[in-house]
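Some notes on the structure that comes next.
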Amino acid sequence: MAGRAAMLVNVGTVTMTVLTLASLVGGFGVNLGNIASHPLNPNIVVQMLKDNKINKVKLFDADSWTMNALAGTGMEVMVGIPNNLLESLADDYGNAKDWVKENVTHYMRKGGVDIKYVAVGNEPFLSAYNGSFLKTTFPALKNIHKALKEAGHTDKIKATIPQNAEVYQSANDKPSEGDFRKDVKQTMVDIVTYFHDNDLPFTVNIYPFLSLYLNEHFPVEFAFLDGDGQTINDKGKNYDNVFDANYDTLVYALKKAGIHDMKIIVGEVGWPTDGHKYATPKLAEKFYARLMKRLAKDGGTPTRPERLEVYLFGFLDEDMKSILPGPFERHWGIFRYDGTPKFMLDFTGQGRQIVPVAAKGVQYLEKQWCVVNNDTANLDEIGPDLDYACYHGDCTAMEAGSTCSKLTKIQNISYAFNMYFQIQDQDVRACDFKGAAMISKVNASVGSCLFPVQIVSGSDDFRINFVFGRFILYGLVLLGLVTAI
């Protein structure tokens, strides 16, 4: 590794080399989600991006703290509009103008944010939404594009709609039979025609892992790029993995809509590390290694061989995400909740045994855990307390096949108690459970099952500083030094 600085870090019990300076592959960015009980300080996250030489990020909203942290970095940003804003943006062009002014134009200054895309909604046409956003998404997109154009931004910034790959399908699983889903077909045709007329990209989220999760008979190797298993031949093109087949199904669906050359962005692609038997760090490492190798070669798919543009999902775990799609939803991060890397990943695509650079400057709560009090706990009556702890905490790592699925009964209860205790900022009242729990200074982790100690969150710092600032201000008011709040 001549000419590059390196250091050693521990991931679990394995010591691996971290490359701190590298020439990364182009064409990829990362998703920054924030559905976490204790999100990392955005300044720490941005430093992680810098340390790992990642210069493209995708956001799910326009959180001002995160946007300000990205200001002046030169990182390319896709800023997001949540689904709950679509109706107001669709109904009133003035709302779209205000949104663009506050969340785009405000940052278009020297030392500002390099916004490249505005993502209008997120997977709004999922079948699970039962058409809730079917009538508002396209009008919202048109109003946002109009507002961007009126503000003079459309030469640099493009609006798009991140769609789940569920919006298209193939009758016989061959890409060439791809077409948009019947219930959304006309709307999708209208949208992609508008995209084409206004030079806007199509954004799609593709998840090979879900093919395994949803179909127990799905061939495992077909979930990984450059698979070693079966292949599908379609009009002379061979497909050895579901990502390529899925991507090209979209290409053919666009062709059927009369669109032959539209730019496609993969808004989300990744692999979870817990919550299911196939959601493991080992398989995530395998998936990302092959993906980065593909990107390093500027390779595309059989139908679109040109370079791919993708955003990895996700950067950090999010412990408050809904688990309705599956327990794995809270474990998509390349990094744990505290910015610790989970597996080896060479962002240069060269396949070296290195891990990403971890977060720096993370502060933790006191090293203490909430566990079962063997002297007072009545295990026959503890069921409701266990349910309560898991409902308000995060017990997804206890699912069958997951990292904490082989604990004893007492260890299971302790795990649940501790997750609740940590999410509650180690409040002593959160480690009681009618006397069945106690606080311990001994690390309760069991093998690869981590009993975490929560971090001092960025949101906590903000809340503390805000409250403290208000307290000082009120004090000044009482002293007559200022006259208004």
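The values are calculated or read from the model by the stated rules, or taken from the named source; none is laboratory data. Every value quoted in this text rests on a predicted model; they were computed, and no experiment measured them. Note: ideal-geometry Cβ built from the backbone for every residue, glycine included; neighbour counts use all protein chains shown. The protein model used for the area step is the full one, side chains on, heavy atoms only, and it has no ligands, DNA or RNA in it. Shrake-Rupley method; radii C 1.70, N 1.55, O 1.52, S 1.80 Å.
Got a sec? What order do His392, His153 fall in by accessible area at 1.4 Å, biggest, i.e. largest, first? Let's see the in-between values first.
On the way: His392 75, His153 20 Å².
Putting His392, His153 in descending order of accessible area: His392, His153.
Can you give me the % of accessible surface on the range 61-127 that is carbon or sulfur? Probe 1.4 Å, all protein chains present, nothing else counted.
On the way: 1230 of 2780 Å².
Ligands and nucleic acids excluded, carbon and sulfur reach 44 percent.
Under 8 Å for C-alpha pairs, at least 6 residues apart: give me the relative contact order for the range 118-236, rounded to a whole percent. Don't jump to the answer; show the numbers that get you there.
Values: 126 pairs, mean separation 27.0, N = 119.
Dividing the mean separation by the residue count of the range 118-236 yields 23 percent.
As an exercise, use a Förster radius of 35 Å and the Cβ-Cβ distance of Asn43 and Leu324 to find the FRET efficiency, rounded to the nearest 0.05.
Numbers: r = 32 Å, r/R0 = 0.92.
That gives a FRET efficiency of 0.60.
Express in whole angstrom the spacing between the alpha-carbon centres of the range 349-374 and the range 121-164.
Rounded to whole Å, the Cα centres lie 37 Å apart.
Where only protein heavy atoms count, and the probe is 1.4 Å, what is the accessible area per residue for the chain in Å²?
Details: 22140 Å² over 485 residues.
For the chain, the per-residue accessible area is 46 Å².
For Asp375, what accessible surface area do you get with a 1.4 Å probe? Give it in Å², rounded to 10.
140 Å²
To the nearest 0.05, how large is the calculated FRET efficiency for Lys156 and Gln186 if R₀ is 22 Å and r is the Cβ-Cβ distance?
Working: r = 31 Å, r/R0 = 1.42.
The calculated FRET efficiency here is 0.10.
Too long at a 25 Å Cα-Cα cut-off: which of Lys110/Lys263; Lys50/Lys441; Lys58/Lys110?
Details: Lys110/Lys263 29 Å; Lys50/Lys441 35 Å; Lys58/Lys110 21 Å.
Violating the 25 Å Cα-Cα cut-off are Lys110/Lys263; Lys50/Lys441.
For a quick protection proxy, order the peptides 171-181, 119-129, 325-335 by their average other-Cβ count within 10 Å, most packed first. Please list the in-between numbers first.
On the way: 171-181: 16.4, 119-129: 19.8, 325-335: 23.1.
Most protected by this proxy first, the peptides run 325-335, 119-129, 171-181.
For Lys441 paired with His106, estimate the spin-label separation in nm (one decimal), with each label point 7 Å from Cα along the Cα-to-Cβ line.
About 4.7 nm, to one decimal.
Hey, what number do you get for the chain at 222 nm if only DSSP H runs of n ≥ 4 count, each worth -39500 (n - 2.57), divided across all residues, to the nearest 500? Intermediate values should be presented prior to the final figure.
Values: 12 runs with 145 residues, N = 485.
It comes out at -9500 deg cm²/dmol, rounded to the nearest 500.
Sort Met438, Met48, Met344 by accessible area with a 1.4 Å probe, largest first.
Numbers: Met438 80, Met48 0, Met344 35 Å².
Result, largest first: Met438, Met344, Met48.
Could you check the simple spin-label distance between Lys434 and Gln350, using points 7 Å along Cα→Cβ, in nm with one decimal?
Going by the 7 Å Cα→Cβ label model, 6.0 nm.
From Cα pairs below 8 angstrom and at least 6 apart in sequence, can you work out the relative contact order of the chain, rounded to a whole percent? Mind dumping the intermediate values first?
Details: 948 pairs, mean separation 75.0, N = 485.
Computed value for the chain: 15 percent relative contact order.
Name the residues of the range 235-266 whose amide N is less than 19 Å from a point 7 angstrom out from the Cα of Glu177 along the C-beta direction?
235-257
Restricting the count to DSSP beta bridges whose residues both fall in the chain, what percent are antiparallel, rounded to a multiple of 5? Working shown, then result.
Details: 19 of 48 bridges.
Given both bridge residues lie in the chain, the antiparallel proportion sits at roughly 40 percent.
Beta carbons within 10 angstrom, averaged per residue: use that to sort the peptides 31-43, 97-109, 285-297, highest first.
On the way: 31-43: 21.5, 97-109: 16.9, 285-297: 20.0.
Per-residue Cβ counts within 10 Å, averaged per peptide and sorted highest first, yield 31-43, 285-297, 97-109.
Just list whichever of Lys56/Lys277; Lys146/Lys256; Lys174/Lys282; Lys158/Lys297; Lys182/Lys237; Lys174/Lys235 have alpha carbons separated by over 20 Å in the model shown. All intermediate terms of the calculation are to be shown ahead of the outcome.
Details: Lys56/Lys277 31 Å; Lys146/Lys256 27 Å; Lys174/Lys282 29 Å; Lys158/Lys297 26 Å; Lys182/Lys237 26 Å; Lys174/Lys235 9 Å.
Long pairs (Cα-Cα over 20 Å): Lys56/Lys277; Lys146/Lys256; Lys174/Lys282; Lys158/Lys297; Lys182/Lys237.
How about Lys142: which aspartates and glutamates have a C-alpha closer than 14 Å to its C-alpha, ignoring those fewer than 8 places off in the same chain?
Cα-Cα hits under 14 Å: Glu87, Asp91, Asp92, Glu150, Asp190, Asp197, Asp199.
If R₀ is 41 angstrom, what is the calculated FRET efficiency for the pair Trp65 and Thr408, using the beta carbon separation as r and rounding to 0.05? Provide the component values of the computation, followed by the final result.
Working: r = 42 Å, r/R0 = 1.02.
Result of the calculation: an efficiency of 0.45.
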